[in-house]
Amino acid sequence: MALPALVPSMTEEALEAWLRVDDPDGLAPLYAEADRVRRETVGDGVHLRGLIEFSNHCARRCGYCGLSVEHQAVVRYRMTDDEILECARKARDFGYGTVVLQSGEDFHFDGAGIASLVRAIKEETGLAITLSLGERSDDDLTRWRETGADRYLLRFETSNEALFHAIHPPLGETASDRIALLRRLRELGYEVGSGVMLGIPGQSYADLARDVALFRELDLDMIGVGPFIPHPATPLGQAIRGERDGAAPGADAPSPSAPPAPPRLPRLSAGDQVPAVEEMAYKVVALARIVCPLANIPSTSAVATLNKATGRELGLQRGANVVMPNLTPRQYRALYAIYPAKACLDETAEECRTCMRGRIHSIGRHVAQGPGHSPNRLRRAEP
Ligand code: SAH
C-alpha cells in the first residue's frame, strides 16, 4: 500500500503511517523530502547554540530525569554569575550566535537573579539568549522577556496527558500544563521551543503522531526531540528494568534499595509501544521539518548519545539545522546527568566547538553566522 503524501498538512493518521515505517528503502523518501525542505526553507547554514547547564538542582520529581530531587546520590552544583558570564564570553569568542541557559527547576535562581544575568549577558555579548529553566511563574517569564531574553525552551514531553502526569508529578497542588505555558510564552513575545521524548514507556504511535501534529498546531519556532534514555536511578529507568525482568511496566520495584515505585504507565500492546531508538528520532525530526518547515530544529545530544559516531550528522541530513555545543565547564558537566553516558561528556568547550564544526563541514554544510532567529518568528511578524 502506498504511503501518504509528505505535505505540511498531513493528518495524524498519515504521520502515524510514516512513524511505523522501518525499512531503510521505505524511509529514504521521507529523509530526502525533509532534507529538501530544510535546504529550501532554512538553507545549508547550521546554527551553533552554546549550552550552559548552570545548575543541576531541581525541585521536581520527574520520573525520567536523573536530576530529580529524589535522586540523592547526585552531587549538586550551581555556577556563579561570574562563571556563567565567562561561558557567555566564550560563546561570543567562538562565534556562536546564541547562549542557552539550562537548569533544573532551581528557585535559588529567582526572578531577579535570572533577570540580572540576562541583562549582563546581553550588555556584554549582545548574544541571543534562550532560557530553559522549566515551569516558572508568569511574573518571572514576563520579567525575563522584558529584560531581553529572546527564546524559551520547554518540552511538553508527550501530548498524552495521562502519561505526562504519570511521569511528571506536580510541584505543590497544581498539575502542570506545559501546553498552556507554551501559549503564554508566545503571547509574551518569546520565540517558543518545545519537543518530546521518543519511546517513553507507555507512549503509543498514535500519541507520537499527535505530538507531531501539536508541533504544527502550536506553530513552534524550535523543535527538539530525542529518544528516551533510561536512567537506572529513576522510576522510569526501573520500570524498564522491571519489564526486562519479566514484570509489567508499573509493577513494584524489584529491589528494596530501589528508587520510588515506578509510575502507573498506560499499558500498550507490543505493536503500539514506540521504541526508544535512534531511527525514531530521525523519523520525528524529518516529519517535524515537513509539518513545520520554518522551525529551527536541533540535532540533539540524546541522538548523539545513541550514535556517537554519526548521530549528529544524520540528524542534520534528515531535517535539522541547529546543534548545541556544550559550554558547561568540565568539572560540572558530568554532574548534569539527566540520563547516563551523555554525548560530549569529556570534552572541553573548545573541543566541543572543534568537533561540531568538523561534523558540519564533513557533510558539506557550513556554520551559520548571526543570532539565527527562527524564520517562523519572522514570518509571523510579517503583516
Ligand atoms: N528543567 C528543564 C530542563 C530539563 S532537561 C525542563 O524541565 O524543561 C531538558 C530535556 O531533557 C527535558 O525536557 C527532557 O525532554 C530531556 N530528558 C530528561 N531526561 C531524559 C532522559 N532520561 N532521556 C532522554 N531525554 C531526557
Excluding exposed DSSP-loop trypsin sites (Lys or Arg not before Pro) (at most 16 other C-beta within 10 Å), longest clean stretch of the chain = 77-263
message = Suppose we keep just the alpha-carbon trace of segment 54-110; what are its Rg and Dmax in angstrom?
response = 13.5, 38
request  = Would you look at the GNM of the chain, springs on alpha carbons closer than 10 Å, and say which of D25, D44, D140 moves the most?
outcome  = D25
ask   = Dividing the convex hull volume of the Cα atoms of the chain by its residue count, what figure in Å³ per residue is obtained?
value = 136 Å³
query = Counting Lys and Arg as +1 and Asp and Glu as -1, each charge on the Cβ, what is the dipole of segment 269-383 about the Cα centre in debye, to the nearest 20?
reply = 320 debye
query = Picking from I338, G50, A270, whose Cα lies most toward the positive end of the charge dipole for the chain (charges on Cβ: Lys, Arg +1; Asp, Glu -1)?
reply = G50
query = Over segment 268-364, what number does the Rg to Rh ratio reach, with both radii from the alpha-carbon atoms and Rh per Kirkwood?
reply = 1.01
ask   = Which whole-number value in Å² is the accessible area per residue of segment 48-189, probe 1.4 Å?
value = 39 Å²
key: Cβ-placed point charges (K, R +1; D, E -1), dipole of the chain about Cα centre in debye, nearest 20   = 580 debye
key: Additional length obtainable on full extension of the chain from A32 to S362, 0.36 nm per residue less Cα span   = 117.0 nm
request  = Post the alpha-carbon centroid distance, segment 79-110 to segment 159-236, in whole angstrom.
outcome  = 24 Å
Base-10 log of normalised Debye intensity for segment 92-141 (one unit scatterer per alpha-carbon) at q = 0.15, 0.23, 0.26 Å⁻¹ = -0.42, -0.89, -1.05
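The values are calculated or read from the model by the stated rules, or taken from the named source; none is laboratory data. Being a predicted model, the structure only gives us computed values, none of them experimental. Positions of Cβ are generated from backbone atoms using ideal geometry, with glycine treated the same way; all protein chains shown enter the neighbour counts. Only protein heavy atoms, including side chains, enter the accessible area calculation; ligands, DNA and RNA are left aside. Shrake-Rupley method; radii C 1.70, N 1.55, O 1.52, S 1.80 Å.
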